[in-house]
1. Taking θ = phi - 60°, what integer Hz values does the Karplus form 6.51 cos²θ - 1.76 cosθ + 1.60 yield along segment B:508-525, in sequence order, with x for Gly and Pro?
2. 7 Å along Cα→Cβ for the label point: how many nanometres lie between B:GLU449 and each equivalent label in the other copies, listed shortest first?
3. Rounded to the nearest 100 Å², what is the sum over both chains of accessible area buried where A meets B, with a probe of 1.4 Å?
4. Above 17 Å lies some portion of the pair distances; for segment A:467-523, what is it as a whole percent of all C-alpha pairs?
5. Using a 1.4 angstrom probe on the protein heavy atoms only, could you order A:ASP120, A:ASP128 from most to least accessible area?
6. Where the centre of each part is set by its Cα atoms, how far does segment A:134-150 sit from segment B:276-333, in angstrom?
7. Whose amide H sits under 5 Å from the amide H of A:LYS375, counting only residues 5 or more places off or on another chain, with H placed in the peptide plane?
8. Between segment B:461-483 and segment A:457-496, how far is it from one alpha carbon centroid to the other, in angstrom?
There are 2 protein chains.
Amino acid sequence: MARRAAAAARLLRRPGPLAAEPPVRGMPHTEYEFASRTVNSCRRFHWIPSLQRPPCGPRTNVETYEGQHSANKASEVQKRTFGSAATHNQRNPAYSELNSDDVCYFKSILGDNGVVQDEDRIAVANVDWMGKYKGASQLLLLPKSTKEVSKILSYCNTRRLAVVPQGGNTGLVGGSVPVYDEVIVSLAGMDKIISFDNVNGILTSEAGCVLENLSTFVENEGFIMPLDLGAKGSCHIGGNISTNAGGLRFIRYGSLHGNVLGLEVVLADGTILDMLTTLRKDNTGYDLKHLFIGSEGSLGVVTKVAVLTPAKLPATNVAFLSCNDYTSCQKLLLAARRNLGEILSAFEFMDHHCIDLAIRHLEGVQNPLPASQYKFYVLIETTGSDESYDKTKLEAFLLRSMEDGLVSDGVIAQDISQASNFWRIREGISEASVKVGAVYKYDLSIPVEKLYDIVEEMRCRLGDNAEVLGYGHLGDGNLHLNILSSKYDDSILTQIEPFVYEWTSAQRGSISAEHGLGLMKAEKIHYSKSTEAVQLMASIKKLLDPNSILNPYKVLPQSVL
Amino acid sequence: MARRAAAAARLLRRPGPLAAEPPVRGMPHTEYEFASRTVNSCRRFHWIPSLQRPPCGPRTNVETYEGQHSANKASEVQKRTFGSAATHNQRNPAYSELNSDDVCYFKSILGDNGVVQDEDRIAVANVDWMGKYKGASQLLLLPKSTKEVSKILSYCNTRRLAVVPQGGNTGLVGGSVPVYDEVIVSLAGMDKIISFDNVNGILTSEAGCVLENLSTFVENEGFIMPLDLGAKGSCHIGGNISTNAGGLRFIRYGSLHGNVLGLEVVLADGTILDMLTTLRKDNTGYDLKHLFIGSEGSLGVVTKVAVLTPAKLPATNVAFLSCNDYTSCQKLLLAARRNLGEILSAFEFMDHHCIDLAIRHLEGVQNPLPASQYKFYVLIETTGSDESYDKTKLEAFLLRSMEDGLVSDGVIAQDISQASNFWRIREGISEASVKVGAVYKYDLSIPVEKLYDIVEEMRCRLGDNAEVLGYGHLGDGNLHLNILSSKYDDSILTQIEPFVYEWTSAQRGSISAEHGLGLMKAEKIHYSKSTEAVQLMASIKKLLDPNSILNPYKVLPQSVL
């Protein structure tokens, strides 16, 4: 208690503003050293003045990225990025082959500009950003309205032409590109904002709007999008919803199932399903929109969306901390939930292998806590409405956490640049991983208390054959497991798979926390879902898309369809 | 600006604790008078010390209530509570009639105690708490496990015996009682808490747990349930989820579609659908659980649930304010979202007719702002992790709102008793309404800017024939419209309906914001949902329950089934 009092006294003697004083912008850097129960090196806590926007700036990463890479870079990446091999089905002969009459029909409804047959343009749409999945479509359609989407699907359904709906094409599991010769229906031409209710923060837009454009728009109105991801410069809101994108604001604003208020969807037979309500509450019948959130375009094409956007809060703080063991990381998460409660906006963790890698491979990246080596690092972000109160709250929380021995060392960003640097470490891990050679990437949901076990088990299994990194959204129980080796090697893959899926399944975890199943993991759904559930999914697929024209070979195993 | 400075100066001279000082519990009542731009009566702001739990105490109301009334009281209530007349279908002759072999079979799987034929006990389960809906079931089954529920449904499906699943039987639309002779399957015997993850706040329990018991349990662990409603002493968590209950924490924690992580559901044919994940993120296939959230037991029987519970925050403040016009209420909501952001936990509004009624009919209820008459009243609650900061934040917000002319007068509760009194006014409106004679109740979602128009239009339509009250969860765009007259009168009903539904439909509103459709509004779904959407709902119903044994005559119009 005496130590706590001493630490608190030092904290309260600080030259910065007190809670009762107005917040000072652009205040000078100040550094505080805290005493703590454990003998420890100096603890640095810097404050970052209120940021006009989250300090995550232009993100070049990440797990959720990535689409800004052009297809030209694909081959380079292809050599280095590996994971589960895609299941190679045979082309389903039930689908018709495209002919010139089809093209004529599409031109009659979309005009010449809406029907793309140019090889170079189609080539870009045929391949995912990683260059891992590549189809052989001969036709890219660019509808400008829901009615046009409806006419396309109605025709394709009658003609049994398979279709792949495409948004920003930024996915990681091969969900947004053709497998064979499916017609690509891009929503890029449907990019209008329809309305914004600036009392309730409800945005209604077409599905092809780029997330970053929507973010900019609502931020000018004093709101923020409830999701943010590295791919925001390319990904479409329709694609975000169709894949139930998670991303960096999940811990604070939760899932899109909670934030999407309404959808307009075109079904496989061309039926336009108007569920575009902007109401927060509506208990009239089954809430059908949820079927289309996360079904990866296999049940219908999302054409319009209504999203609840939270008020933009002006004060953001970012802290970079170290912990001696994984148990401390967990306890710190619990304490943060309790003490930072309503202002906590990110809780990301990395093991020291991640930091080492980022420092080795990324230009300008330094460990903000260089004094000694720690096993784990945690990035905490708070976002609130009042800078001085939030600041004091975070400071008090960190002080307590150090006294309790949960945190070994820590720094608080003092300006936007520092905050961006902290985020750069976390977000650079994926980029740095690719530079090693081959990277086997897994995106797992695992109960938090067991989340790091798989990293350690994998390290034991692989020994010197590979480097194993564990990091991710600890606050959401979402681990990103990256396994690095100098080159791709089947013997390493067989040591990883199916072990990683079996282990996750045994913990009742999810083999895809946020990336979806796409083509990559369609046949692996049984690791996370019961036979009865998969059967029901198949029945719903057959009900909504009896000719199975929408995004074939993906999401569900072929055996159940 | 000079006025603002003066007001702020007076505020800062107050004798209460400053933000930087530790919170003082049990502090004496203090009263502050604020200057403001408009000439106005004194402004009182009292503080309530940190509450250990929300000051909403035992609630005896409300829109969401009610179930503690016994069926014995039903006849008394029946005389006074009216709304849409239930649609009276004919008994569907496709259903079998119960025979002694059926009873023998149920006894063989449930034992004698699980099969209730006692007339008095069945009578209670046959009628809803309002006494408005009454069935003629001859059999009440009390399974103790998912397996037993599965056996019951499998048998009923084969025998074509209609079934009504029943939780706490606290609904307001006749969804939880038989219409004819359906077998009642009560989940009351499945009331065990299965596990609680106290790092992540994830509760797993059987569906028959009473909400209040779960609340008490998780509060002892430092968490709260993400929903709270007047009926919490009776309603079951399975029923809450099956009806997508809204309630008093909706503005803060959002819909159950965001808070329910997993479900176990038994389908009509007895298939047990295990979706009981406790993961925050899981993008493996279609998220089927959402089909069962809000489908009112017509697609399956929820047997187990996993719910995300937020950390319990210690500091609660309640303010009772008045506004001169509805536009000010809206602006105040917007300002509260922006300035109280992360600590705002309720924003309820009432017109002055509500207050007058509550004072007239409820013992001990007084207007906390008696100085003069205002047109509108708003109750604001904040909940946060740090009392002194939250307090200062609320105080500053109210000061600004008064200076901006949004708030005419206001009081802040100084202790739990005052806070409860404020809530008592809001929650007593429903109770007071019933005392007038007949009450026609509507639960509507309407875009906030138009929400009060229907109240005024209705007042014009009805003139002196009835008293029209408007109140509700303004933060969620949810209006409770109560129309009172001395006795039930068909001529009044025809002035109200279908006008109220047509008007709501024209605003793209919802004719049932949180109560559901049940029997009362099954035939009215078209006012809020498109023909295509209702058709798809019917297809899904047929897919999951081809013999239509689950909760017949409800949710969907008979014509589409």
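The values are calculated or read from the model by the stated rules, or taken from the named source; none is laboratory data. Because the structure is predicted, anything quoted here is derived from the model rather than measured. Please note: Cβ atoms are built from the backbone with ideal geometry, for glycine as well, and neighbour counts cover all protein chains shown. Heads up: the accessible areas ignore ligands, DNA and RNA and are worked out on the full protein's heavy atoms, side chains in. Shrake-Rupley method; radii C 1.70, N 1.55, O 1.52, S 1.80 Å.
1. Couplings: 6, x, 10, 7, 9, 6, 9, 7, x, 9, x, 7, 4, 10, 4, 7, 9, 4 Hz.
2. Spelled out, the distances from B:GLU449's label point are 5.1 nm.
3. Details: alone 22730 and 22750 Å², together 38140 Å².
Between A and B, the summed buried area is about 7300 Å².
4. 47 percent
5. A:ASP120, A:ASP128
6. 37 Å
7. Counting only residues 5 or more places away or on other chains, the set is A:CYS323.
8. Segment B:461-483 and segment A:457-496 have Cα centres spaced 60 Å from each other.
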